[in-house]
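Single-structure report; data block below.
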Amino acid sequence: MNALSTIRETPGLDLYLDELEERLEEAVAGQGLVAEVAGEALAAGGKRLRQLVVFLATPPGSAPPLEAGVAVELVHMATLVHDDLIDGAEFRRGRASAWAAYGPAAARAAGDYLFARAFVELGATGNTRAISLLAGATLCLARGEALQRRQRYDPNTTVDGYLERCALKTGKLFEAACRLGGGSDRLGDFGLQLGIAFQITDDILDCSGESVETGKIVGTDLREGTPTLPLLYAAAVDETVRGALAGGPLDGALVRVAASGALDRAKDVACDYADRARISLNGELYREELESLTYAVVERDS
């Protein structure tokens, strides 16, 4: 049994996730093309890791907040719809991406709709702190996307610059999920480190042929000129990879990434961030499950 399956045995978690799915369906339901596109994005599924974090971050004696779990997932879905449009990615989780199926205008509007629905969910609670937390994370997502645009086709991107992008585009939403669940500042740091480990692993899988996990076609990052950690490590020692990352010919480049040892180096960094996440834990109710989650996110290639 893998780590995620073990975590799913946590008492009360299945009921929480089932209620979340119902609330998500209600949140995106509506008339017209935009609601239809949003419904397709929801139907594409996913691991729902961010809602899982909301549940596990909830302090003892408190009910895990449904609205927070729904809002976090809606923001995540919105970013996927917009990212696919910006990157020109035609597939997501084995299905046609929103823009490929419905057109760029519909995808853009659907992503905006999902963002709006997220804040409608939180707004209904009257919890201004929660709204502020999610708004801050959403701003970081936008900053991370802008940074990625600046780094595109640049093999001279620094590792620090890449890690900053991981924190903004992925880590901050995991951090918000912890804080929205009611977790402490330390638990928020757990979410940030976990999110960075998650993103590095996604980027490794994009190079290693495990497209089922990422929901993307293998080699998307290299084709799109997105400088990820394994690509940067490989580009530093292999001129073919360096040229491909800069927008040159792709032939054989992905194979050379694996041959360079870059995947193992990047995996070590992902594991280091998972270690940092575990160090942030301090007496949480679901400490064992949270620790298991750190292993699950970096072992998705097994």
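Nothing in this text is a laboratory measurement; each read-out follows from the coordinates by a stated rule. Quick caveat, the model's predicted, so the values are computed rather than measured. So basically every Cβ, Gly included, is an ideal-geometry build from the backbone, and we count neighbours across all protein chains shown.
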* **Residue of Glu284, Glu239, Glu224 that the Gaussian network model of the chain assigns the largest fluctuation, springs spanning Cα pairs under 10 Å** => Glu239
* Asked: Given 10 °C and 1.306 mPa s, how large is the Stokes-Einstein diffusion coefficient of the stretch 179-302 in µm²/s, with Rh as the Kirkwood radius over Cα pairs?
  -> 104
* In a Gaussian network model over the chain where Cα atoms closer than 10 Å are linked, find which of Leu24, Leu139, Leu74 has the largest mean-square fluctuation. => Leu139
* To do: Give, rounded to the nearest 20 debye, the magnitude of the charge dipole that the chain has about its Cα centre when Lys and Arg contribute +1 at Cβ and Asp and Glu contribute -1 at Cβ.
  => 620
* Structure fact -> Karplus ³J(HN,Hα) for the stretch 96-107 (6.51 cos²θ - 1.76 cosθ + 1.60, θ = phi - 60°; Hz, whole; x = Gly/Pro) runs 4, 5, 4, 5, 5, 7, 10, x, x, 5, 5, 5
* Rounded if a/c is under 1.5, else prolate if a/b is larger than b/c, else oblate: which is the stretch 93-238, with a ≥ b ≥ c the root eigenvalues of its Cα gyration tensor? -> oblate
* To do: In whole Hz, with x marking every Gly and Pro, tabulate ³J(HN,Hα) for the stretch 37-52 from phi via Karplus 6.51 cos²θ - 1.76 cosθ + 1.60, θ = phi - 60°.
  => 5, 4, x, 5, 4, 5, 5, 5, x, x, 7, 6, 5, 5, 5, 4
* **Net dipole in debye of the stretch 224-271 [+1 Lys, Arg Cβ; -1 Asp, Glu Cβ; about Cα centre; nearest 20]** => 80
* To do: Output the peptides 82-91, 13-22 sorted from most to least packed, where packing is the average of other Cβ atoms within 10 Å over each peptide's residues.
  => 82-91, 13-22
* To do: Please give the helix 262-279 orientation as an angle from the longest Cα principal axis of the chain, in degrees from 0 to 90, rounded to the nearest 10.
  => 30
* Asked: Computed on alpha carbon atoms, what radius of gyration and Dmax characterise the chain, expressed in Å?
  -> 18.7, 57
* What is the distance, in nm, between label points placed 7 Å from the Cα along the Cα-to-Cβ direction at Asp160 and at Arg8? -> 4.2
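Could you please report the charge total around Glu291, scoring K, R as +1 and D, E as -1 over all other residues with beta-carbon less than 10 angstrom from its beta-carbon? Working shown, then result.
Numbers: positive: Arg278, Arg287; negative: Glu284, Glu288, Glu289.
Computed value for this residue: -1.
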* Unit charges on C-beta of K, R, D, E only; dipole of the stretch 52-131, Debye -> 100
